[in-house]
């Protein structure tokens, strides 16, 4: 077998590995042929000594499996078809997200919106307080002193700003976590399908 | 001889050689096949596995003839693994020899 034939066959048998890995592996054999030829061996001789390219490729594949299967959470899934496997993992993740994650997630969104609501109503309360204590609507008390109204108003608006700051901060963190979670999902899907 | 057994022994040989000096692929293959009858194509996959497991690292070095060569260097971790394997091997061989010589 010529050098070209040998490398082509090896490439075909390795096709399930990631492309950069295949190129790197082939470069090792390019080097091997180069040096062998410079030492006066023929391409046929070198091919023969290297052994059946199919066997060689199988060595890489078993190494790949054993070094990654430890961290493999879906060992029961059929390895024979990368795409089936990828699809299964995608479906699992989608189902998991819909059933387990979505409810609490929306709950958290609701909490955040509630916090904004609190901030806004405190602010409105503060503004209203400027024109008189809300208590005076329900009781026959005379309108409070202007100082009482103003301090009441400042207090409410201060609380409103604090609540607002808290809400914005939590929203930012929440957004960051959401992105992280989505990325993690995508990574899971990709990793699940690449290694065979 | 059993192929799995041969592979295990080959791992020990490669680690042992790399413990003595850095080799480039061809050199290592040439050296080993001088002593052991094995298809040379099994050594490169092994070297790659060692690299994934952190037993060896690679570096390129210029050569007088032709392009730079990829050298393999044993790491600390690789050295530890080699030393453990060597001890295992010695006691295994002792055991096998005892049985073969029929010592009861």
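The values are calculated or read from the model by the stated rules, or taken from the named source; none is laboratory data. Here the structure is a predicted model, which is why all the values come from computation and not from measurement. Methodologically, a virtual Cβ is constructed for each residue, glycine included, from the backbone with ideal geometry; neighbour enumeration extends over all protein chains shown.
Odds and ends about this structure:
- Answer residue from the range B:26-59, given it is surrounded by fewer than 20 Cβ atoms within 10 Å (Cβ to Cβ) and in contact with a strand residue (DSSP E or B) (Cβ under 6 Å, 6 or more places away or on another chain) and is nearest to the other protein chains (Cβ to nearest Cβ) among those: B:58
- Selection of helices (runs of 4 or more DSSP H) fully inside chain B by the criterion of at least 2 residues being under 29 Å from residue A:39 (Cβ atoms), in contact (Cβ under 8 Å) with a residue 60 or more places away in the chain and touching a helix residue (DSSP H, G or I) at 6+ places or on another chain (Cβ under 8 Å) returns B:3-20, B:76-100.
- Qualifying residue in the range B:15-22 (condition: at pLDDT below 95, buried (at least 21 other Cβ atoms within 10 Å of the Cβ) and either more than 19 Å from residue B:77 (Cβ to Cβ) or touching a strand residue (DSSP E or B) at 6+ places or on another chain (Cβ under 9 Å) (or both)): no
- Considering A:64, A:68, the condition of being out of contact with any strand residue (DSSP E or B) (no Cβ under 7 Å at 6 or more places or on another chain), surrounded by fewer than 17 Cβ atoms within 10 Å (Cβ to Cβ) and either at pLDDT below 90 or more than 9 Å from chain B (Cβ to nearest Cβ) (or both) is satisfied by A:68 alone.
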